[in-house]
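The values are calculated or read from the model by the stated rules, or taken from the named source; none is laboratory data. Bear in mind that the values here come from a model prediction, so they are computed numbers and not experimental data. Cβ placement follows ideal geometry from the backbone for every residue including glycine, while neighbour counts extend to all protein chains displayed.
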Amino acid sequence: MLNKEKRGWWKSAVFYQVYPKSFQDSNADGIGDLQGLISRLDYLEKLGVDGIWLSPVFASPQYDNGYDISDYRAIDPMFGDVSDMEELIAQAKKRGISIILDLVLNHSSSFHPWFLEAKKSRDNPYHDYYVWRDGEPDTPPNDMRATFGGSAWTYVPEIGQYYFHQFVPEQPDLNWENPAVRRELYDMIRFWVKKGAGGFRLDVIDQIAKEPDKFITGSGPKLHEFLRELSREAFVEEGLVTVGEAWSANVERAKLFSAPDGSEMSMVFQFEHICLAFEGEKWNPVKLNLPALKDCMARWQQGLANCGWNSLFLENHDLPRIVSVWGDEGEHRVASAKMLAIFLHGMQGTPYIYQGQELGMTNVRWPIENYDDIEIRNFYAERTAQGAAPQDVMAAIYARGRDNARTPMQWTTGENAGFTTGKPWLAVNENHAFINAEAALADENSVFYTYQKLIALRKELPVIAEGSFALVDRENSQVFAYRRDLEDAHLLVVCNFAKENVSFEIPAEFAGGKLLIANYGEVQEGCLRPFEAFMLLA
Ligand code: TEU
Ligand code: CA
C-alpha cells in the first residue's frame, strides 16, 4: 500500500536519486546495498525528501551496472534479496518516503532466460521477444550504431540472424510489437506495485517503439499507444508517481507524456537544458550561454503550465557533477552549489536531487585504469584506436564521463569516506576530506541545509509549486532572474552564474520583500557577489 494516497501528491514533492552501488555498503564487500540504504534513511528524512528513485537493484550480470536485467522479480544478491526490499519499503514508509523503482523495459540482459531461449532457434516461443533480422556474417542489416559504441546489430551464427540492441550487445532490445512481451512486463510491474512500490522511473522509455529498418529509435509512431496501454494495465494503484526518461522529448511531446489525465506518465526527464553543456556529441563540453539556458527553461516552464508537468534536475548517474559543469570547484564551490540549488528549486515541477548533490560533490580526474563505466572504456578504446591523443580523450572523460557521478557517497572524513570498510568497487573522491555528510550536518551554512530549506519552502509556499513563471532581465548574460506569481504572492529568484561581482538592480516591486533564502546572507544594494543567489517574496 502507498503512504501517499492523494493523486498528484508529487506536485509539491522532492525526490532523491540513490545509485545503490555507490550509496552505502553494509557488509564490507565494497558495494553499496539495500541494508546500507536502510541505515541511511534517517539522513534522507532529515533532508526532507518524499521519495527515493532507486537505480536498478534487480538481478543482473552488471554489464551496465544493473541496467541489464536478467530477472525483473529478483533482487541481485550483491544488493540483498526481496525481503530486504520489503524492509526498505516499510522503513522508508515510516519516514514518509516512497520508493520509486527503476524499470528497464526497453531491453533485458542477454542473460535473461527469455533471451537464452530466443537465440536457440527461430521457432522458439521466446524468439519473437526480441528484434531479429536475417543476414550474413559481417553484413549487418544496416549501419545503425549502438549508444555505447559499435554496431546496433549482433550476429548469432547458430540461427543466421542479427539481433538489435540500442546499447551494448549484452542489452538486447525487447520487441514491444509482441503482445506477450508487453503482458510479461505489466505482470512484473504489478508484482512490485503489490509489494508497495510508490512509483517507477522508466529507463529510455521513448525508445521502446522502435523501427530499426527506418532508423527510428526515440519517439517511434506507436510510442504513445504503448504508453497508454502500459499505464492502464500496469500503473494500477491510485497515487503512483511515474517518470519516464526521454532524451527525445520536446515540449510538444512532453504534453502527451505528462498529460494531466494521467493517461501516460506523471512526468518525463527531458534533456534540453542538459544538452546546453555540450555541443554535438556529449563529449564536447562548451561554455554556458546563459540566455540560451533562460530561453530553454522558460519554454518548458511556460509550455507545460496547466497542460503537463516538469521534472527538475541537474544531475543523475549518467551526468557529470553540476558544480563541476556550471559552478566552481574551487573557492566558490559552496556558493555555486547553493546557487544552482536555488536556481532549480524555485521553478515549477518535481525536483530530483542526485546523491551527493546536496553536499556539492564534484567530478574526479583519474588515470584510465581507475574507471569502471562501459561507456568510458568503450569511448577511450574507440577514440585512441582512431588516433586521438590520449590526453584529449581523458580531458573529455574528466568533463563528461559517467563515473564522475558514480564515485561513492561521501559520508565522513574517514577511510573510504565511511562508504565501506572494504575495498570500494570504484575509488572515493579524495576531497571527502572536506566534502562529506558528517561535516555538512555539523555546519548550519552547508549546502545540505540549503537543500533542506528549499524542500521545506516548496511545501510551505503554493507559489513555488503552482505559480506562473516569467523571466526577468532576459538579456543579462550573467544573472538568471525569474519571477513566480500566484494570486497575491510574488516570488523573485535571482542567481548570479558568474564567478565575479556583477551589478544588478532588484526590481522595485521586490525591494522591501521578505528574504526567504540566500547564499550570502543579507542582500546588497546594486551588486551580486560571485554565484550569489536568493529568493525574495513580495
Ligand atoms: O540512459 C539512457 C541513455 O540514452 C544514455 O545512453 C545516455 O545517453 C548516456 O548515459 C549519457 O552518457 C539510460 C540509463 O540512465 C543509463 O544508465 C543506461 O546505461 C542506459 O539507459 C541503458 O539502459
Ligand atoms: Ca555490500
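Matching residues to (1) in contact (Cβ under 8 Å) with a residue 24 or more places away in the chain; (2) surrounded by 15 or more Cβ atoms within 10 Å (Cβ to Cβ); (3) in a helix (DSSP H, G or I):
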position: Lys423; (1), (2), (3): yes, no, no
position: Leu426; (1), (2), (3): yes, yes, no
position: Ile435; (1), (2), (3): yes, yes, no
position: Gln452; (1), (2), (3): yes, yes, yes
position: Ile455; (1), (2), (3): yes, yes, yes
position: Arg458; (1), (2), (3): yes, yes, yes
position: Val463; (1), (2), (3): yes, yes, yes
position: His490; (1), (2), (3): yes, yes, no
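Working only within segment 63-83, note down all residues that are away from ligand 2 (no atom under 12 Å from the Cβ) and buried (at least 17 other Cβ atoms within 10 Å of the Cβ).
As a first pass, look at segment 63-83 and keep what is away from ligand 2 (no atom under 12 Å from the Cβ): 63-75, 81-83.
Within segment 63-83, Tyr63, Asp64, Asn65, Gly66, Tyr67, Asp68, Ile69, Ser70, Tyr72, Ile75 meet the criteria.
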Suppose the filter is in contact (Cβ under 8 Å) with a residue 24 or more places away in the chain and surrounded by fewer than 23 Cβ atoms within 10 Å (Cβ to Cβ); does Pro169 pass it? yes
Which numbered condition Pro56 fails, given (1) within 16 Å of ligand 1 (Cβ to nearest atom); (2) farther than 30 Å from Pro260 by Cβ; (3) assigned to a loop (DSSP other than H, G, I, E, B): (2)
Only one of these is assigned to a loop (DSSP other than H, G, I, E, B) and either within 16 Å of ligand 2 (Cβ to nearest atom) or at positive phi (or both): Ser219, Ser248. Name it. Ser219
Answer yes if at least one residue in segment 30-52 is within 16 Å of ligand 2 (Cβ to nearest atom) and among the charged types (D, E, K, R), and no otherwise. yes
Taking into account only those residues within segment 174-196 that are under 19 Å from Ala59 (Cβ atoms) and crowded, with 22+ Cβ neighbours inside 10 Å, which is farthest from the chain's Cα centre (by Cα)? Leu174
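Test of understanding: among Arg406, Arg377, Arg400, which residue is within 16 Å of ligand 1 (Cβ to nearest atom), surrounded by fewer than 19 Cβ atoms within 10 Å (Cβ to Cβ) and not assigned by TED's automatic domain parsing to the domain that holds Gln355?
Details: Arg406 fails: surrounded by fewer than 19 Cβ atoms within 10 Å (Cβ to Cβ); Arg400 fails: surrounded by fewer than 19 Cβ atoms within 10 Å (Cβ to Cβ).
Going through Arg406, Arg377, Arg400 in turn, just one is within 16 Å of ligand 1 (Cβ to nearest atom), surrounded by fewer than 19 Cβ atoms within 10 Å (Cβ to Cβ) and not assigned by TED's automatic domain parsing to the domain that holds Gln355: Arg377.
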Go through (1) surrounded by fewer than 24 Cβ atoms within 10 Å (Cβ to Cβ); (2) aliphatic (A, V, I, L, M); (3) at pLDDT 95 or above; (4) farther than 24 Å from Ala341 by Cβ for Leu2 and report which single condition fails. (3)
Residues that are part of a loop (DSSP other than H, G, I, E, B) and either of a type in the set (Phe, Trp, Tyr) or in contact with a Pro (Cβ under 8 Å, 6 or more places away or on another chain) (or both), drawn from segment 280-305: Trp283
Selection count, segment 319-347, where residues are part of a loop (DSSP other than H, G, I, E, B) and either among the aromatic types (Phe, Trp, Tyr) or surrounded by 22 or more Cβ atoms within 10 Å (Cβ to Cβ) (or both): 4
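Kindly indicate which of Glu475, Glu444 is in the same structural domain as Glu329 (by TED's automatic domain parsing) and in a loop (DSSP other than H, G, I, E, B).
On the way: Glu475 fails: in the same structural domain as Glu329 (by TED's automatic domain parsing).
Answer to the selection: Glu444.
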